[in-house]
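First the structure, in the form of structure tokens, and then the observations on it.
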Amino acid sequence: MVSRVDCRKISSIAVLIIFAPALAGCVGAAVGAGASVATAASEERGLNTAARDLAIRTRINALWLQHDDTLIAKADISISEGRVLLTGVVPTEKLRGDAVRLSWQASGVKEVINEIEVFKSESASDLARDGWISATLKTRLTLDKQVTSINYSIDTVNRTVYLIGIAQSPSELERVRNHARQIKYVRRIVSHVIMKDDPRRKARPAKK
């Protein structure tokens, strides 16, 4: 059986196991040295915010894992400055609701965007196709010199491309959307990307 666990989840779980004791007192411990630090520092959100986002992901993964490991296998988490985008496919409406409820329990969360779908199962071919779409789009954005690709997170579920992150301008975001439109099999594009001057970037985490 092929699951939707990707490298982001595996990394988050590894961070949870290794750094969980330190996360409570030092958010910076959530980000490794070397390439990870260099990558985070070059993002629009900055090194400290990238570290906070990784810590939030780790907390949500821990809550999900304690509740039902099906969530870890079936749902995905993308985070941009405390804005949490949930995607993936779960077997029941209850589990979909649980994913949202538990995500709000993680400290630092400003917003939870629920794009999780409810289906009994996905085929291996569907998962492979979605993975190919995401990888193809990431490659195209990286090669486009007019797009700061590092500021975008991409996930594809049932041929729908979900975007979250920070755009430098409306024209840059439109380039990203155009790249997605030109990829074979893409059925729909859902953007939760905000502009770099969006006032929500200064908002404090919502009270739960």
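The values are calculated or read from the model by the stated rules, or taken from the named source; none is laboratory data. Small disclaimer: the values here were computed from a predicted structure and weren't measured. Note that we place each Cβ from the backbone using ideal geometry, even for glycine, and neighbour counts take in every protein chain shown.
General remarks:
- Criterion violated by VAL90 - all others in (1) under 14 Å from the mean Cα position of the chain (by Cα); (2) closer than 22 Å to SER134 by Cα satisfied: (1)
- Hey, ARG45 over 11 Å from the mean Cα position of the chain (by Cα) and of a type in the set (D, E, K, R) or not: yes
- Residues satisfying the stated conditions in the stretch 150-173, i.e. over 13 Å from the mean Cα position of the chain (by Cα) and hydrophobic (A, V, I, L, M, F, W, C): ALA167, LEU173
- Test: residue in the stretch 29-46 that is modelled with pLDDT under 50, crowded, with 17+ Cβ neighbours inside 10 Å and outside any loop (DSSP other than H, G, I, E, B): yes
- Total residues in the stretch 137-156, condition within 11 Å of ALA167 (Cα to Cα), of a type in the set (A, V, I, L, M, F, W, C) and in contact (Cβ under 8 Å) with a residue 40 or more places away in the chain: 1
- The one condition in (1) surrounded by 12 or more Cβ atoms within 10 Å (Cβ to Cβ); (2) within 24 Å of ARG96 (Cβ to Cβ); (3) free of Cβ contacts under 8 Å to residues at least 24 places away in the same chain; (4) polar (S, T, N, Q) that SER123 fails to fulfil: (1)
- From the list THR87, THR92, the one residue that fits, being of a type in the set (Ser, Thr, Tyr) and within 27 Å of LYS202 (Cβ to Cβ), is THR87.
- Residue match in the stretch 159-175 (condition: at positive phi, surrounded by fewer than 16 Cβ atoms within 10 Å (Cβ to Cβ) and part of a loop (DSSP other than H, G, I, E, B)): yes
- In the stretch 47-84, of all residues being surrounded by fewer than 18 Cβ atoms within 10 Å (Cβ to Cβ) and charged (D, E, K, R), the one that is modelled with the highest pLDDT corresponds to ASP68.
- The residue of the stretch 129-158 that is nearest to LYS74 (Cα to Cα), among those that are part of a loop (DSSP other than H, G, I, E, B) and polar (S, T, N, Q), is ASN158.
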